[in-house]
Amino acid sequence: METSKKWYLEKLGLALLFEDANMKLVVLDTNGPTSLTLWQTDKVVSVNRHTVTYPIFKTPDADALNQELSNRGIEVGEIIQDAYVNHFFFYDPDGNVLEACQVHE
């Protein structure tokens, strides 16, 4: 949990809202209307972006964010350009999928 918490705080720049070591729970501020909760469990979950719910971070510029995350040492995927959005996937240290999405206005 400590590795993941450090990654989200340092690599993504999220802020710590709450932590409970006994529950193995960390709540992070996403600087938006929703928080992100990390919860350590012994249960193994198969990670597949088509079968699980995962966080999608809205960004005004997918290209710039992709480069910024890459510069921070985060492995990022190629930018996918669709009719309505530009988006890309990246993963946290535990292999959880995350997405950044730029909506065409």
Exercise. Which of the listed residues, N96, A64, F18, is farthest toward the dipole's positive end in the chain, when Lys, Arg count +1 and Asp, Glu count -1 at the beta-carbon?
Worked result: F18
Exercise. Once you list every other residue whose beta carbon is under 14 Å from the beta carbon of V26, what net charge do they have if Lys and Arg are +1 and Asp and Glu are -1?
Worked result: -4
Problem set entry | Cβ charges +1 (Lys, Arg) and -1 (Asp, Glu), total dipole of the chain, debye | 260
Problem set entry | P(r), alpha carbons of the chain - 10 Å bins starting at zero, rounded % | 13, 45, 34, 8, 0
For this session: Would you mind getting me the FRET efficiency between D82 and L25? Use the beta-carbon distance for r and R0 = 35 Å, nearest 0.05.
Result: 0.50
Problem set entry | the chain - percent relative contact order, Cα under 8 Å, separation 6 or more | 23
Exercise. Which angle between 0 and 90 degrees, to the nearest 10, do you get for helix 62-71 versus the longest principal axis of the chain when only C-alpha atoms count?
Worked result: 50
Exercise. Lysine pairs in the chain with alpha-carbon atoms under 18 Å apart, 8 or more places apart or on different chains: how many are there?
Worked result: 4
Problem set entry | Value of [θ]222 nm, deg cm²/dmol, for the chain, DSSP H segments ≥ 4, -39500 (n - 2.57) each, nearest 500 | -5000 deg cm²/dmol
Problem set entry | Sequence of M1, M23 once ranked by neighbouring C-beta atoms within 10 Å, starting from the fewest | M23, M1
For this session: Could you tell me whether the range 1-40 comes out rounded, prolate or oblate from its Cα gyration tensor? Rule is a ≥ b ≥ c as square roots of the eigenvalues, rounded for a/c under 1.5, then prolate if a/b exceeds b/c, otherwise oblate.
Result: oblate
Problem set entry | Cα gyration tensor category, rounded, prolate or oblate, for the range 47-105 with a/c compared to 1.5 | oblate
Seminar exercise, completed: Expected sort for Y8, Y84 with the fewest Cβ neighbours (10 Å cutoff) up front is Y84, Y8
For this session: Arrange T3, T41 by Cβ neighbour counts within 10 Å, fewest through most, would you?
Result: T41, T3
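Laboratory data are not the source of any read-out in this text; all were calculated from the coordinates shown. As the structure is a prediction and not an experimental result, all values here were calculated from the model. With ideal geometry, Cβ positions are generated from the backbone for all residues, glycine too; neighbour counts draw on all protein chains shown.
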